[in-house]
Amino acid sequence: MQEVSKNIFYQEIEGWAWVSHTQLDTWCRSLVPEDTLHYFLDETSVHAIGCVGFEKRKAGLKMLIIHGECIRENIQHSMVKDFYANIAELGFDIIEINSDSVYNPEYEIGMREAGLLRPVGLFSTTLSKWIDLTNSITYDKNWKRNLKKAEHSNLSFQLYDNQTITDDIIAAYIRIQQEMTTRKGFSENLNEKQLRLLLSDCHFVLGTIWHENNLVSGMVAFIEDGKRSMSLYSASSLEGRKYSASYLLRLEVMRYAAQQRNIPIFDMGRLSPAKHAKNDIYLFKNGIDGSHVQYNGEWLWCKQKWMPLVLYFMKKYIWKRVQV
């Protein structure tokens with residue numbers, strides 16, 4: 001494993017089979033200060049694996065957070081083992097990995113051989129659903145009912161990319177997002193600066209639904225021509241909920257991905273079936289027919305044996321994160 005410059009990293013991974021949206025420069029800089037980012041490639045003559053990680057200090061601990069990897073072709077356990085075993089020698093107290101690549105036993109074998117384990121508690125689901133865009137999109141009765149309502153509500157769809165986005169559209173999306181997060185008590189959302197940065201990149205688009213010149217629903221999506229698309233952030237106003245705008249929005253974004261960008265797969269985003277309120281989001285996302293998939297998910301390396309339990313306690317009881 002070697003740490004490289006940002007320019008070398010992105011030159012090297014261009015055209016690789018798997019590059020998670022979490023590894024893109026704009027995504028990383030939308031989340032953390034640029035001077036906290038580290039860029040890693042394996043030491044083979046033809047690089048096969050790499051990742052971006054960011055450094056964070058919490059409770060006196062030096063942490064490295066890695067959201068996914070970049071893979072040139074196929075995952076091999078020896079490749080994963082060598083890469084992460086070397087990262088574990090960099091002097092961090094804690095290394096957290098949360099991979100959104102599809103589960104592969106070779107990945108798990110490599111992680112365990114490198115000394116990483118599953119955390120004491122999981123705070124993100126590994127479940128998602130992939131929709132096959134090469135065939136007709138089908139859905140359950142609830143989706144059919146809501147799409148029928150939306151289609152009779154005089155709604156219009158508009159998609160914005162890095163060429164067409166404006167400050168007014170960004171401000172309109174932020175307004176409905178703020179209204180929704182306040183109404184539902186959500187803590188995770190985008191600010192105006194983050195959204196503007198994401199939409200400066202051709203890999204991210206903003207799909208919107210309008211009613212009488214009012215933005216009532218919006219979704220930030222990842223788009224990779226010819227490969228895959230994915231829902232990342234979404235928001236709807238109370239008016240949008242009245243017209244079932246979010247149902248029409250997701251369907252229109254999938255149609256755009258398939259017809260305009262030749263994308264075969266739409267990832268609905270992580271699914272969290274549960275007994276609490278988040279189950280409503282699961283029921284919404286699960287209403288379209290597709291294939292359930294599992295991500296490689298969360299892994300943890302700690303310098304001291306007591307750290308995993310303390311980290312769990314801090315996440316659950318101090319930082320108030322929801323366990324899944």
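The values are calculated or read from the model by the stated rules, or taken from the named source; none is laboratory data. Keep in mind that this is a model prediction, so the values were computed, not measured. Please note: Cβ atoms are built from the backbone with ideal geometry, for glycine as well, and neighbour counts cover all protein chains shown. These accessible areas exclude ligands, DNA and RNA; they are computed on the full protein's heavy atoms, side chains included. Shrake-Rupley method; radii C 1.70, N 1.55, O 1.52, S 1.80 Å.
Things to note:
- For Tyr295, the amide hydrogen comes within under 5 Å of the amide hydrogens of Tyr103, Leu127, Ser128, counting only partners 5 or more places away or on other chains and with H modelled in the peptide plane.
- Debye-formula intensities of segment 165-228, expressed as log10 I(q)/I(0) at q = 0.27 Å⁻¹, are -1.24 (one equal scatterer per alpha-carbon, no solvent).
- Pairwise Cα inverse-distance average, inverted: Kirkwood Rh of segment 1-137 (Å): 15.8
- Note on segment 122-216: Lys pairs 8 or more places apart or on different chains, Cα atoms under 29 Å apart, count 11.
- With R₀ fixed at 51 Å, the C-beta to C-beta distance from Lys148 to Leu122 puts the FRET efficiency at about 0.85.
- Per DSSP, loop GluC sites (Glu not before Pro) in segment 56-107 with at most 13 further Cβ within 10 Å: Glu73, Glu89
- Ala171/Gln304 FRET efficiency (R0 51 Å; Cβ-Cβ; nearest 0.05): 0.60
- Computed over segment 68-169, Cα set: Rg, Dmax in Å: 21.4, 60
- Both the radius of gyration and Dmax for segment 1-57 are 11.1, 33 Å, in that order, over alpha-carbon atoms.
- Approximating the spin labels as points 7 Å out from Cα along Cα→Cβ, the Lys316-to-Leu90 distance works out to 2.9 nm.
- Residue-normalised convex hull volume from the C-alpha trace of segment 263-324: 132 Å³ per residue.
- Trp301 - accessible surface, heavy atoms, 1.4 Å probe, Å² rounded to 10: 50
- The share of Cα pairs per 10 Å bin across segment 35-85, counted from zero up to the longest distance, runs 23, 48, 23, 6 percent.
- Note on Arg321: accessible area approximately 100 square angstrom, rounded to 10, probe 1.4 Å, nucleic acids and ligands left out.
- If you bin all the Cα-Cα distances of segment 47-112 at 10 Å, starting from zero, the percentages per bin are 20, 55, 22, 4.
- Length gained when the stretch Gln259-Lys58 is fully extended (0.36 nm per residue, less Cα-Cα span): 67.8 nm
- The coefficient of translational diffusion for segment 194-318, derived via Stokes-Einstein from the alpha carbon Kirkwood radius under 37 °C and 0.692 mPa s, stands at 193 µm²/s.
- Whole-Å distance, taken between Cα centres, linking segment 210-267 and segment 76-98: 36
- Cut-off 15 Å between beta-carbons: net charge of the residues surrounding Ala171, Lys and Arg +1, Asp and Glu -1: -1
- Exposure of Val4 as accessible area (Å², to 10), given a probe of 1.4 Å and all protein chains: 30
- In terms of overall dimensions, the C-alpha atoms belonging to segment 142-255 reach 35, 35, 25 Å along their principal axes, ordered largest to smallest.
- Percent of alpha-carbon pairs separated by more than 24 Å within the chain: 57
- Apportionment of accessible area to carbon and sulfur, the chain, percent (1.4 Å): 49
- A DSSP coil position with no more than 14 other Cβ atoms inside 10 Å describes the following GluC sites (Glu not before Pro) in segment 150-234: Glu188, Glu212.
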